[in-house]
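Engineer: Handing you this structure, nothing more for now.
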Amino acid sequence: MSYIDEVLIFHRVRDFNETEFLQAMEEIFESIRPVIEKDEETYRNVALLERLTEPERILRFRVPWIDDGGKVHVNRGYRVQFNSAIGPYKGGLRLHPSVNLGVIKFLGFEQIFKNSLTGLPIGGGKGGSDFDPKGKSNREIMMFCQSFMTELCKIIGENTDVPAGDIGTGAREIGYMFGQYKRICGRYEGALTGKGLSYGGSLTRTEATGYGLLYLVEEMLRTHNQDLQGKTVCISGSGNVATYAAEKAEQLGAKVLTVSDSTGWVYDPDGIDVPLLKQIKEVERGRVLDYAKRRPHADYHEGRGVWVTPCDIALPCATQNELQIDDARILVRNGVTAVAEGANMPTTIEATKYFQKNGVLFVPGKAANAGGVATSALEMAQNSGHVYWSFEKVDKTLQQIMVNIFHNIDAAARKYGMAGNYVAGANIAGFEKVADAMMAQGIV
Ligand code: NDP
């Protein structure tokens, strides 16, 4: 049996309840199979795949907090320090009721390869909690964040592990966590990214993931003699990634037709009004239903279904496994030409394969949404140098990083005879650098 299959079977048996982690691992292993099989005995002798799939460290902890009515709640917190071969652990904190160890391991595993693709010295990690920020007061959010950081601060630091935002963790939550970190540890250092501008944050970090997604799409289209001018775009989600993806898409001449949240979705034939969306989501903390009510021609639909809208480009920017095979069939039937993942693993493996089989340009999240973590690494660089860069400087650097990522994944796919398969290209390019560093550092 091949080395890859041995390791896969081992995990399917041992980690059978970590569905998302197994899904991410299977997708990556399928892509790197030709790389491993070229030199199977070398990798097997140093147990490279077993080490790559076993986190260096996992912290699971109790997060007690008190609500406004005086009731005590207990949530579960996690930090998975997955791989530090190429730099300190780096990856966001997800606050959502669906969080469990399998979800955090999947995100941490993906993060290893994504961070490698940025070309910057950052390892892979991820964390979070099953806490649900929805409907909580500011005080309750602060209570939770302080309690969460009281444990997390024991294992993070500017040169060891640098968490950031993710679903449910935005600037407000990072602010509360940073305040508690500083208070307990007595150090003013860049142990978190995504900070506010007045206390060490980087310009462009808020926009980075969405903007970066569009920079990569733009470069991919250019390579295929196309551009974004006049293209129609469907976006899912209405959080950080979705909002700034919509903003940059419109700046580049496209028309964004949809946004969504976990309760429903909006079709706006006039093009999404991004300033209004920001006002509703970022200031009023409202829902996309509120957006639809304030736009004359927009329709609101309950539940899933955003992908029924005909478009040239689809950008899933909400959550994992939100774009399934039936959605892929409809998108292809309606003539979609490119799909790029703003979220992490939003497309199921079956749907991904369907796009590839039907000639749709498809870019996986670990390449397409790497602009967020890349800009976080730029925030780390500014913090350790005690300097601030201008918006233009960070934005330009981000754009260059995304252009490089596209060409690296394109080249890696070609090198292994899979031209145009950007899933394989991203996994291979990300893997090669991490594997090289792991081999050089011995059995650790
Ligand atoms: P936000 O919390 O800002 O927004 C998430 C959006 O997705 C919201 O509109 C939310 O709707 C929707 N959503 C969440 N869960 C579900 C669900 N189960 N079904 C349908 N919709 C859902 O998160 P971000 O925008 O930061 O993150 C979105 C995705 O991008 C995630 O996969 C994240 O891991 C990934 N990502 C984020 C980066 C960043 O810099 N922020 C960097 C790289 C990747 P609702 O409000 O109803 O919950």
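The values are calculated or read from the model by the stated rules, or taken from the named source; none is laboratory data. This one's a predicted model, so the numbers in the text were calculated from it and none came from an experiment. Positions of Cβ are backbone-derived with ideal geometry, glycine not excepted, and every protein chain shown enters the neighbour counts. Heads up: the accessible areas ignore ligands, DNA and RNA and are worked out on the full protein's heavy atoms, side chains in. Shrake-Rupley method; radii C 1.70, N 1.55, O 1.52, S 1.80 Å.
Engineer: Ranked by accessible surface with a 1.4 Å probe, highest first, in what order do Thr352, Thr150 come? The partial results should precede the final answer.
Structural biologist: Working: Thr352 15, Thr150 55 Å².
From most exposed to least exposed: Thr150, Thr352.
Engineer: Tally the DSSP beta bridges in the stretch 208-368 and give the antiparallel ones as a percent, rounded to 5.
Structural biologist: Details: 7 of 20 bridges.
The antiparallel fraction comes to roughly 35 percent.
Engineer: Averaged per residue, what accessible surface does the chain expose to a 1.4 Å probe, in Å²?
Structural biologist: Details: 17350 Å² over 444 residues.
Heavy-atom accessible area per residue stands at 39 Å².
Engineer: Taking the Cα centre of the stretch 208-368 as the origin and placing charges on Cβ (Lys, Arg +1; Asp, Glu -1), which of Ile235, Trp265, Ala340 is farthest toward the positive end of the dipole?
Structural biologist: Ala340
Engineer: Now for a separate question. Ile349 label point, 7 Å along Cα→Cβ, cut-off 14 Å on backbone N: hits in the stretch 403-425?
Structural biologist: Only 424 fall inside the zone, counting backbone N under 14 Å.
Engineer: Given a 10 angstrom Cα cut-off, can you work out which residue in Phe144, Phe355, Phe16 is the most mobile in a GNM of the chain?
Structural biologist: Looking only at Phe144, Phe355, Phe16, the largest GNM fluctuation is found for Phe16.
Engineer: How big is the accessible area of Trp65 in square angstrom, nearest 10, if you roll a 1.4 angstrom probe over the protein chains?
Structural biologist: 10 Å²
Engineer: If the chain between Ser137 and Arg333 were fully stretched, how many nm would it gain, using 0.36 nm times the residue separation less the Cα-Cα distance? Working shown, then result.
Structural biologist: On the way: separation 196, 0.36 × 196 = 70.56 nm, distance 4.44 nm.
Additional length available on full extension: 66.1 nm.
Engineer: Another question, then. Taking 0.36 nm per residue of sequence separation and subtracting the Cα-Cα distance, how much length would be gained by fully extending the chain between Glu37 and Leu197, in nm to one decimal?
Structural biologist: 52.8 nm
Engineer: Lone cysteines in the chain, going by a 4.7 Å Cβ-Cβ cut-off?
Structural biologist: Flagged as lacking a Cys partner: Cys145, Cys153, Cys185, Cys317.
Engineer: What figure in square angstrom, to the nearest 10, would you give for the accessible area of Lys136 with a 1.4 Å probe?
Structural biologist: Here the residue's solvent-accessible area equals roughly 60 Å².
Engineer: Moving to a separate point now. For labels at Asn321 and Thr223 in the simple 7 Å Cα→Cβ model, what's the distance in nm?
Structural biologist: If labels sit at Asn321 and Thr223, their model points lie 3.0 nm apart.
Engineer: If packing is taken as the average number of other Cβ atoms within 10 Å across a peptide's residues, how do 1-7, 277-283, 403-409, 206-212 rank, most packed first? List each step's numbers first, then the result.
Structural biologist: Values: 1-7: 14.6, 277-283: 17.1, 403-409: 21.6, 206-212: 27.3.
Top to bottom by mean Cβ count within 10 Å: 206-212, 403-409, 277-283, 1-7.
Engineer: Given 0.36 nm per residue, what is the gain on full extension from Val387 to Asp15 after removing their alpha carbon distance, in nm?
Structural biologist: On the way: separation 372, 0.36 × 372 = 133.92 nm, distance 4.42 nm.
Additional length available on full extension: 129.5 nm.
Engineer: Can you list which of the trypsin sites (Lys or Arg not before Pro) found in the stretch 1-72 are DSSP loop residues with at most 14 other C-beta atoms within 10 Å?
Structural biologist: On the way: sites: Arg12, Arg14, Lys38, Arg44, Arg51, Arg57, Arg60, Arg62, Lys71; in loops: Lys71.
Taking the stretch 1-72 and a limit of 14 other Cβ atoms within 10 Å, the loop trypsin sites (Lys or Arg not before Pro) found are Lys71.
Engineer: Okay, next question. Need one value: the accessible area of Val13 in square angstrom, 1.4 angstrom probe, rounded to the nearest 10.
Structural biologist: 100 Å²
Engineer: Can you show me the helix-derived [θ] at 222 nm for the chain, built from DSSP H runs with n ≥ 4 at -39,500 (n - 2.57) apiece and divided by the number of residues, rounded to the nearest 500. Spell out each step's value before the answer.
Structural biologist: Values: 17 runs with 213 residues, N = 444.
Using -39500 (n - 2.57) per qualifying helix, the result is -15000 deg cm²/dmol.
Engineer: Looking at the chain as a GNM with Cα springs under 10 Å, which of Thr348, Thr160, Thr42 has the largest mean-square fluctuation?
Structural biologist: Sorting by GNM fluctuation, first place goes to Thr42.
Engineer: To make sure I understand the rule: partners must be lysines, Cα under 20 Å from the Cα of Lys134, and not fewer than 8 residues away in the same chain. Which ones qualify?
Structural biologist: Within the straight-line limit of under 20 Å, Lys134 reaches these lysines: Lys71, Lys278, Lys281.
Engineer: Name the shape class, rounded, prolate or oblate, that the alpha-carbon gyration tensor gives for the chain, where a ≥ b ≥ c are the square roots of its eigenvalues, rounded holds for a/c under 1.5, and otherwise prolate holds if a/b is larger than b/c and oblate otherwise.
Structural biologist: Because its axes are fairly even, with a/c under 1.5, the chain counts as rounded.
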